[in-house]
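J.: One structure is given below, represented as structure tokens, and several questions about it will come after.
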Amino acid sequence: MSDAGVSLDYVNSIVYDLEKAFWDERGKGARFRVTNVGRDYFLNKCLPRIESREVESIIETVEQVMREEGIVAGIAHEIDGRLLRLEVQGCLHGEVEQRLVAKGVEPFTCIPANLVVLAIEETLDRPVELAEIKVEDGTCRMVLALFESRPTFD
Amino acid sequence: MSEQYDLVEATIKIIQDRRSIRQYTKDSVSEEHLEMILEAARQAPSGENAQPWRFVIVKDEATRKQLGAIAGGGSGRRFTAEFVTAKMQARFESLEDEAKKKAIFEKLTSGRVSAFLGDAPVSIVVCGRKDVWDLPYDTSAAIENMLLMVTALELGACWVIAPCIDIRDEERLKGLLGVPEGFKVISIVGVGHPTRPHRPRPRLPLHELVFNEKWDVAYYEEES
């Protein structure tokens, strides 16, 4: 097997087919079965770099890793109460979302968002839920809900 | 059941009387009844007769509370996500009673809608072998059989997917119960004695559901 890099078109076409197949099988429930996609990457590349216990700083570290690795051009974020807004620009996988939208499928997963969620959950044990992904002009705009702690219902 | 029914009448009555029961008395479920419920599950159909279902019976209070917390946490996250994107408000747009609407939103976003599982005297955790072709369908048939037997026994149950729909929660659940990698947690069925009778929930009419030979050609005419 050649160790030359594979084309991005090939990778994204396969990721698209997998996501579309999963959507066709599971519908809107597909979103909840892919929430930890990217975990190995997170554990290997992101977690060792996270030193802070502040949400803002954790997000910035994940963004830095993804920029260095050429996965995204940038991730802007804003925390507004319990809402976390992410804006991912220049994502390697942007074409996947665009193809899904063209097929009438609402994008249901985002690897950069998953990495941010995993980072917050694994370092702070604060649950996070991806609520919405909107693709506009090549930019993915996401809304996530941030929770203070895991409920116990005692 | 003191009334007398023939087999067809009894079958449809059990199906129509089934409710999703989320509030239970403190009374325990007898071993005899539990075994009848599990026997109903065991008799379900499965692809290739694979019988991929396995069941973990949870009665221990501390474990039940953890099941409730995982279920409620998952529901709370998902419904909060629906709320903050205003999809929940759109879903309940036709509900005019604002106080009732607010109470529903609170119940859903807090996760209490699923956390009741912690109060069920018995939880039946339904798992399935992954090395079969039809796992979700097989186990769903077993679950429905259980719900019908629960109804026949005048007990109450609720089929809860909240603690395992998200893979993050399913992993917690598997860790809690020691479920091995080759199995998937499908759902939890909370069982107990209902605190009160429940009204039936509305069902779509057959004429909206059934097509004649081709999609969108109604099999039944709409009743005027």
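Please treat every number below as a calculation from the coordinates, not as lab data. Computed from a predicted model, the values in this text were never measured in an experiment. Positions of Cβ are backbone-derived with ideal geometry, glycine not excepted, and every protein chain shown enters the neighbour counts.
J.: Give me the net charge of B:D216's neighbourhood, meaning all other residues with Cβ under 15 Å from the Cβ of B:D216; Lys, Arg count +1, Asp, Glu -1. Don't skip to the answer; put the middle values down first.
T.: On the way: positive: B:K214; negative: B:E208, B:E213, B:E221, B:E222.
That works out to -3.
J.: Considering the Cα positions of region B:1-143, please state its Rg to one decimal place and its Dmax as a whole number of Å.
T.: Rg and Dmax of region B:1-143, Cα atoms, are 18.8, 51 Å.
J.: Follow-up question, since we're still on this one. Name the trypsin sites (Lys or Arg not before Pro) in region A:5-98 that are in a loop by DSSP and that have at most 16 other C-beta atoms within 10 Å, would you?
T.: Within region A:5-98, the qualifying trypsin sites (Lys or Arg not before Pro) (loop, at most 16 other Cβ atoms within 10 Å) are A:R53, A:R82.
J.: Right, here's the next one. Given a cut-off of 17 Å, what percent of all Cα-Cα pairs of region A:1-98 lie beyond it?
T.: I get 65 percent for the Cα pairs in region A:1-98 exceeding 17 Å.
J.: Just tell me the longest site-free run in chain B, where the sites are trypsin sites (Lys or Arg not before Pro) in a DSSP loop having at most 12 other beta-carbon atoms within 10 Å.
T.: So the longest stretch without any such site is B:27-129.
J.: To the nearest 20 Debye, how big is the dipole of region A:18-147 about its Cα centre, given +1 on the beta carbon of each Lys and Arg and -1 on that of each Asp and Glu?
T.: 420
J.: Rounded to the nearest angstrom and ordered from largest down, what semi-axes does the equivalent ellipsoid of region B:81-219 get from its C-alpha gyration tensor (root of 5λ)?
T.: 28, 24, 19
J.: Please list, by residue number, every one of the GluC sites (Glu not before Pro) in region B:83-122 that is coil in DSSP and has at most 11 other beta-carbon atoms within 10 Å.
T.: B:E93, B:E96
J.: Pick out, from B:P163, B:A152, B:W133, the residue whose Cα sits farthest towards the positive end of the charge dipole of region B:97-187, with +1 on the Cβ of Lys and Arg and -1 on the Cβ of Asp and Glu.
T.: B:P163
J.: On a straight-distance basis, which lysines could pair with B:K100 in a cross-link, Cα separation under 26 angstrom, same-chain partners fewer than 8 positions away excluded?
T.: Within reach: B:K87.
J.: Residue by residue through B:168-176, how many Cβ atoms from other chains fall within 10 Å of the Cβ on average? Present the calculation step by step, with values, prior to reporting the outcome.
T.: Working: counts 11, 3, 2, 1, 1, 0, 0, 0, 0.
Counting other chains' Cβ atoms within 10 Å and averaging over B:168-176 gives 2.
J.: Another question, if that's okay. If you keep only loop residues by DSSP, which GluC sites (Glu not before Pro) in region A:57-136 have at most 12 other Cβ atoms within 10 Å of their Cβ?
T.: The qualifying sites are A:E69.
J.: A further question follows. Can you count the Lys pairs in region A:10-154 whose Cα atoms are under 23 Å apart, with each pair 8 or more apart or on different chains?
T.: 6
J.: Under 5 Å between amide hydrogens, which residues at least 5 positions from A:C140 or on another chain qualify, with H placed 1.01 Å from N in the peptide plane?
T.: A:V88
J.: Here's another thing I want to ask about it. Can you sort B:H193, A:H93 from fewest to most other Cβ atoms within 10 Å of each residue's own Cβ?
T.: The most exposed by this proxy come first: B:H193, A:H93.
J.: Right, next: Towards the positive end of the charge dipole of the protein assembly as shown, with charges on Cβ (+1 Lys, Arg; -1 Asp, Glu), say which of B:W53, A:P107, A:A73 has the farthest Cα.
T.: Going by the Cα projections, it comes out as B:W53.
J.: Can you work out the Karplus-derived ³J(HN,Hα) for every residue in region B:67-77? Use 6.51 cos²θ - 1.76 cosθ + 1.60 with θ = phi - 60°, whole Hz, and x for glycine or proline.
T.: Whole-Hz 3J(HN,Hα) from phi for region B:67-77: 4, x, 5, 5, 5, x, x, x, 4, x, 4.
J.: Based on Cβ point charges of +1 for Lys and Arg and -1 for Asp and Glu, what charge dipole magnitude is obtained for region B:98-138 about its Cα centre, in debye rounded to the nearest 20?
T.: About 300 debye.
J.: Give me, ordered by chain and number, the residues 5 or more places off A:E132 or on other chains with an amide H under 5 Å from its own placed amide H.
T.: Those lying under 5 Å, H to H, from A:E132 are A:V143.
J.: While we're on this one: Enumerate lysine pairs in region B:107-224 that are 8 or more residues apart or on different chains, then count those whose Cα atoms are under 27 Å apart.
T.: Going through region B:107-224 pair by pair, I get 4.
J.: Now for a separate question. Could you name the aspartates and glutamates in cross-link range of B:K102, using Cα to Cα under 17 Å and dropping any fewer than eight places away on the same chain?
T.: Those aspartates and glutamates meeting the cut-off are B:E82, B:E93.
J.: Note down the net charge around B:A44, summing +1 for each Lys or Arg and -1 for each Asp or Glu among other residues with Cβ under 12 Å from its Cβ.
T.: With Lys, Arg at +1 and Asp, Glu at -1, the net is -3.
J.: Let me ask something else about it. Hey, what do the phi angles of region A:25-38 turn into as Karplus ³J(HN,Hα) couplings, whole Hz, using 6.51/-1.76/1.60 and θ = phi - 60°, x for Gly and Pro?
T.: Per-residue couplings from phi come out as 7, 10, x, 4, x, 4, 3, 7, 9, 10, 5, 10, 5, x Hz.
J.: Over region B:155-224, what number does the Rg to Rh ratio reach, with both radii from the alpha-carbon atoms and Rh per Kirkwood?
T.: Result: Rg/Rh = 1.22.
J.: Let me ask another. Spelling out what I want: for every residue of region A:98-108, take phi, set θ = phi - 60°, compute 6.51 cos²θ - 1.76 cosθ + 1.60 (Karplus), and round to whole Hz; glycine and proline get x.
T.: With coefficients 6.51, -1.76 and 1.60, one gets 5, 5, 5, 4, 4, 8, x, 9, 6, x, 10 Hz.
J.: Let me ask something else. Report the charge-dipole magnitude of the protein assembly as shown in Debye, nearest 20, computed about the Cα centre from +1 at each Lys and Arg Cβ and -1 at each Asp and Glu Cβ.
T.: 800
J.: Amide H to amide H under 5 Å from A:G74: which residues, 5+ apart in sequence or cross-chain, H placed 1.01 Å off N in plane?
T.: HN-HN under 5 Å from A:G74: A:Q89.
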